[in-house]
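Participant: Can you read through this structure? Questions will come right after.
Read-outs: derived from the displayed coordinates by stated rules, not from any lab. Computed from a predicted model, the values in this text were never measured in an experiment. Because the Cβ atoms are built from the backbone with ideal geometry, glycine has one as well, and the counts that use them run over all protein chains shown.
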Amino acid sequence: MIIEGHFVTHEREFEGQVEVLDGIIARVGIDTELGTPDFKYPRTHRVFPGMSDIHIHAREDATGKQCHKETYTTANAAALNGGVVAAGAMPNQPEPVTTLDRLAWHAQAHADLPVSFMNYVGIGPNTEPLEGDLAHKLYTGPSVGDLFFTSEQGVRDALTRYVGRNVSFHVEDFDVLMENEGQPTHQLRRPVHAVNTALAYVLPMIEEFELDAKLCHWSTGGESFEMIQAHRARQQAAGKSRTTLEVSPLHLIFDADMLKIAPQGWPYVQMNPALQGTEHRVALVEGLRDGTIDYLATDHAPHTLEEKFKKFADLVEGGETREQAYLRLLDSNPAKCNARACLNGTSGTPQLDTYGLVAAWLITDQGFTPERVAEVTSYNPGKFMSRFSDAKLGDIAVGYDGSFTVLDMGASTVVSRENLKTKVGWSPFEGMTFPGKVAQTFVKGVPYK
Ligand SMILES: [Zn+2]
């Protein structure tokens, strides 16, 4: 199979052809012809190495309790729709992934799907390390599910068992979250200092226990960036691996100052950690551009609209959905609706379907170089996925998987419920026009979109 077009990697852009044999890239022809192309893309299109989203929630487990939200099959469809060929699934299902048996159950559940899923293994107060090189997840405070810690000492006690391991952290301090539970908005219930308080003890522990660490869905700039930079300098001086950072599109596109003007939007964008002020959003965009942040990772968290609008349950009339009750109240009594919308609903937003659109937005609207976008959507996350799964992703070179994300940079896409594949069928970006379109997603030489 030969693809012809304009290719982008983290290092270069080139016109040419790429040949895939048995799912693997066999030849790369820069400015040369290898043969008659099976797929030929016009100059408006950009062919990236298949993109990887290393932080999603697929929700399926042996209990089946959350299969109304998403299953591996529907997450697979949403991923391919968004140009994503590999995804790292977090372990906080009703039955958390903490044992080899459960890990094997999940491996079998997604074995036949084209998207490569990798399962993180949870670290909790009572977990023991498992055999093998695995990606772990640790929640320093409560988010969604029961897999979390309630104190710095608890985190420390657990990490003494995981010296040298790969660990991804959800960084928010339990005590600060509890102290602020009664605050009027999600921004204040999960304030900046919840992140900074936990970060202040997580970073020294990463150094002490020589962890190969990643900090998830980073939500703040300022002080947190300064702490992380000082930490990385110490790691470099000690010859230790560098702690990496994820950022979610939601934190790049929305901020809490926007919600001050339009508080009715909170149910659609409530996520942990919370959106913070504009200065943080801008710092995150710049951090992704300048290399402070390493990965675009969505934290795709499919909750139904009924779950997102649970604070409107008592207003439902007749056969209305909760969202319809919300819209009716927004129309009849906006002030009351806004007050309700700021209450604590369900945290998390579905974002797999829109991954490739955000990549196009970074290039066209935010002025990122295509190579930098390839680095944060394909190369860096591809390296992570390749370490913990059978895939070999992230570059367009001989021996890599013949997986590609083709973006049409000449088109635009209005996000609407009809063009989503996630089982929950909604997006925080509905109504927004993105500059670009996911034209095709190839996994090992096979086009799926
Ligand atoms: Zn998450």
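Participant: List the residues whose amide H sits under 5 Å from the amide H of Val446, counting only those 5 or more places along or on another chain, with H placed 1.01 Å from N in the peptide plane.
Facilitator: none
Participant: Same structure, new question: How far is it, in nm, from the label point at Arg156 to the one at Glu207 when both lie 7 Å from their Cα along the line to the Cβ?
Facilitator: 1.5
Participant: Let me ask something additional. FRET efficiency for Asp290 and Ser416, Cβ-Cβ distance as r, R0 = 30 Å, nearest 0.05?
Facilitator: Once the sixth-power term is evaluated, E becomes 0.35.
Participant: Okay, next question. Which cross-chain or sequence-distant (5 or more) residues have an amide H under 5 Å from the amide H of Gly122, H modelled 1.01 Å from N in plane?
Facilitator: Under 5 Å from the amide H of Gly122: Val97, Thr98, Lys137.
Participant: Run the simple label-point estimate for Glu317 and Glu430 please: 7 Å along Cα→C-beta, distance reported in nm.
Facilitator: So the two model labels end up 2.1 nm from each other.
Participant: Treat the count of other C-beta atoms within 10 Å as a stand-in for reagent exposure and order Met90, Met1 from fewest to most.
Facilitator: Numbers: Met90 29, Met1 18.
Placing the least packed residue first, the sequence is Met1, Met90.
Participant: Please compute one quarter of the surface area of the Cα convex hull for the chain and express it in square nanometres. Please report the intermediate quantities before stating the final value.
Facilitator: Details: hull surface 83.5 nm².
For the chain, averaging the hull's shadow over all directions gives 20.9 nm².
Participant: Residues with amide H under 5 Å of Thr244's amide H, sequence separation 5 or more or different chain, H placed in the peptide plane at 1.01 Å from N; which?
Facilitator: Distant-sequence amide H within range of Thr244: Ala213, Lys214, Leu215.
Participant: Mind checking which lysines have their C-alpha under 24 Å from Lys260, skipping anything on the same chain fewer than 8 residues away?
Facilitator: Lys308, Lys310, Lys311, Lys336
Participant: Can you list the HN-Hα couplings for segment 164-174, worked out from phi with the Karplus curve (6.51, -1.76, 1.60; θ = phi - 60°), rounded to whole Hz and with x for Gly and Pro?
Facilitator: 3J(HN,Hα) across segment 164-174, in whole Hz: x, 7, 8, 9, 9, 10, 8, 10, 8, 7, 4.
Participant: Turning to a different aspect of this structure: Listing Glu128, Glu4 from the residue with the fewest other Cβ atoms within 10 Å to the one with the most, what is the order? Provide the component values of the computation, followed by the final result.
Facilitator: Numbers: Glu128 10, Glu4 20.
Exposure proxy ranking, most exposed first: Glu128, Glu4.
Participant: Run the helix sum for the chain: -39,500 (n - 2.57) per DSSP H stretch of 4+ residues, divided by residue count, reported at 222 nm to the nearest 500 deg cm²/dmol. Provide the component values of the computation, followed by the final result.
Facilitator: Working: 17 runs with 145 residues, N = 449.
Helices in the chain give a 222 nm mean residue ellipticity of -9000 deg cm²/dmol.
Participant: Right, something else. Taking 0.36 nm per residue of sequence separation and subtracting the Cα-Cα distance, how much length would be gained by fully extending the chain between Ala262 and Glu371, in nm to one decimal? Please report the intermediate quantities before stating the final value.
Facilitator: Numbers: separation 109, 0.36 × 109 = 39.24 nm, distance 3.52 nm.
Additional length available on full extension: 35.7 nm.
Participant: Also, quick follow-up: Apply the Karplus curve 6.51 cos²θ - 1.76 cosθ + 1.60, θ = phi - 60°, to the phi angles in segment 312-320 and return the couplings in whole Hz, x for Gly and Pro.
Facilitator: Running phi through 6.51 cos²θ - 1.76 cosθ + 1.60 with θ = phi - 60° gives 10, 4, 6, 9, 5, 10, x, x, 5 Hz.
Participant: Could you tell me whether segment 109-179 comes out rounded, prolate or oblate from its Cα gyration tensor? Rule is a ≥ b ≥ c as square roots of the eigenvalues, rounded for a/c under 1.5, then prolate if a/b exceeds b/c, otherwise oblate.
Facilitator: oblate
Participant: Read phi for every residue in segment 362-375 and hand back ³J(HN,Hα) as whole Hz from Karplus 6.51 cos²θ - 1.76 cosθ + 1.60, θ = phi - 60°, with x for Gly and Pro.
Facilitator: Residue by residue, segment 362-375 yields 4, 6, 7, 8, 9, x, 5, 6, x, 5, 5, 5, 4, 5 Hz.
Participant: Considering only C-alpha atoms, what is the centroid distance from segment 193-258 to segment 110-146, in Å?
Facilitator: Using only Cα atoms, the two centres lie 20 Å from each other.
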